[in-house]
1. For the stretch 48-107, what is the relative contact order in percent, using Cα pairs closer than 8 Å and at least 6 residues apart in sequence?
2. Using a Gaussian network model of the chain whose springs link C-alpha atoms within less than 10 Å, name the residue from Phe184, Phe145, Phe89 with the highest mean-square fluctuation.
3. Cβ under 12 Å from Glu153's Cβ, Glu153 left aside: what net charge do those residues give with Lys, Arg +1 and Asp, Glu -1?
4. What value, in deg cm²/dmol to 500, does the helix sum -39500 (n - 2.57) over DSSP H runs of n ≥ 4 give at 222 nm once divided by the residues of the chain?
5. In percent, what relative contact order does the chain have, based on Cα pairs under 8 Å that are 6 or more apart in sequence?
6. Between the helical axis of 169-183 and the dominant principal axis of the chain, each derived from Cα atoms, what acute angle in degrees is found, rounded to the nearest 10?
7. Residue separation times 0.36 nm, minus the C-alpha to C-alpha distance between Ser194 and Leu155: what's the value?
8. List the lysines whose alpha-carbon lies under 24 Å from that of Lys204, not counting same-chain residues fewer than 8 positions away?
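The values are calculated or read from the model by the stated rules, or taken from the named source; none is laboratory data. Keep in mind it's a predicted model, so treat the numbers as computed, not measured. Every residue, glycine as well, gets a Cβ built from its backbone with ideal geometry; the counts of neighbours run over all protein chains shown. Ligands, DNA and RNA are stripped out before the accessible areas are found, and what is left, the full protein with its side chains, is counted by its heavy atoms. Shrake-Rupley method; radii C 1.70, N 1.55, O 1.52, S 1.80 Å.
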Amino acid sequence: GGRYDFDIRIGLWIDGQAVEPRVIWGPGLSGTLPAAGGKRDQFGASHGIAVLTGGKVYRVAERKYSPESSAYNFASWAAYEDNYMAALFLFTGAPGSAIFEQQPVAEKDAVYFLSVSPPQKAYVVPKEFYRLRALGQGTKKLMNFGFFGAIAEVLLIAMKWIHRYVPNWGFAIIIITFLIKVVFFPLTYSSTKSMAKMQEIQPKIKALRSKYK
């Protein structure tokens with residue numbers, strides 16, 4: 001229906017006894033074995049998992065995998081991700097658990113999987129801010145904006161709003177840059193005035209330095 005999210009219902013019985021299964025996603029984000037020396041290695045996209053537990057997002061990259069940092073409980077959601085795509089699993093009822101698993105496939109190579117307790121909802125593929133935010137449960141935190149995340153989020157919302165009326169990303173970036181310049185103009189003007197005053201007294205400072213060596 002034009003959406004990337006869907007509900008999940010899983011029932012498993014063994015010999016008439018209900019059993020709680022685990023859902024395994026992988027290998028990697030694409031679900032296929034990586035080709036040696038392929039584009040993935042060439043461009044070095046960051047692949048790994050992200051888990052929200054206790055209101056904080058924990059990320060573990062494939063290249064930094066360790067058994068000590070591979071298991072998480074009381075999770076609100078868990079995802080296998082790269083820079084732009086994700087397979088996100090939400091636990092909408094009780095909190096779930098997530099395990100980052102490694103399986104060797106060659107002497108110096110391995111594949112990785114995300115194992116989660118039964119999720120109630122999934123969102124698969126693009127990291128689109130508004131779609132993720134609409135899911136709730138802090139899923140917008142799957143977008144890693146870095147140290148200045150709050151500022152980056154505001155700028156993204158502002159730029160997308162501009163893009164609604166100016167459907168060209170290049171012009172949208174120019175407009176938001178101009179608006180930022182306007183907002184910070186008083187600070188820039190004050191700084192420029194201070195520099196001009198300093199330049200005016202530079203000859204006097206040089207004369208004092210020359211006189212009192």
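1. About 33 percent, as a whole number.
2. Evaluated over the chain, the most mobile residue of the options is Phe184.
3. With Lys, Arg at +1 and Asp, Glu at -1, the net is +4.
4. The helix-only estimate for the chain comes to -11000 deg cm²/dmol at 222 nm.
5. 18 percent
6. Once rounded, one gets 50 degrees.
7. Residue separation times 0.36 nm, minus the Cα-Cα distance, leaves 11.1 nm.
8. Partners found: Lys193, Lys213.
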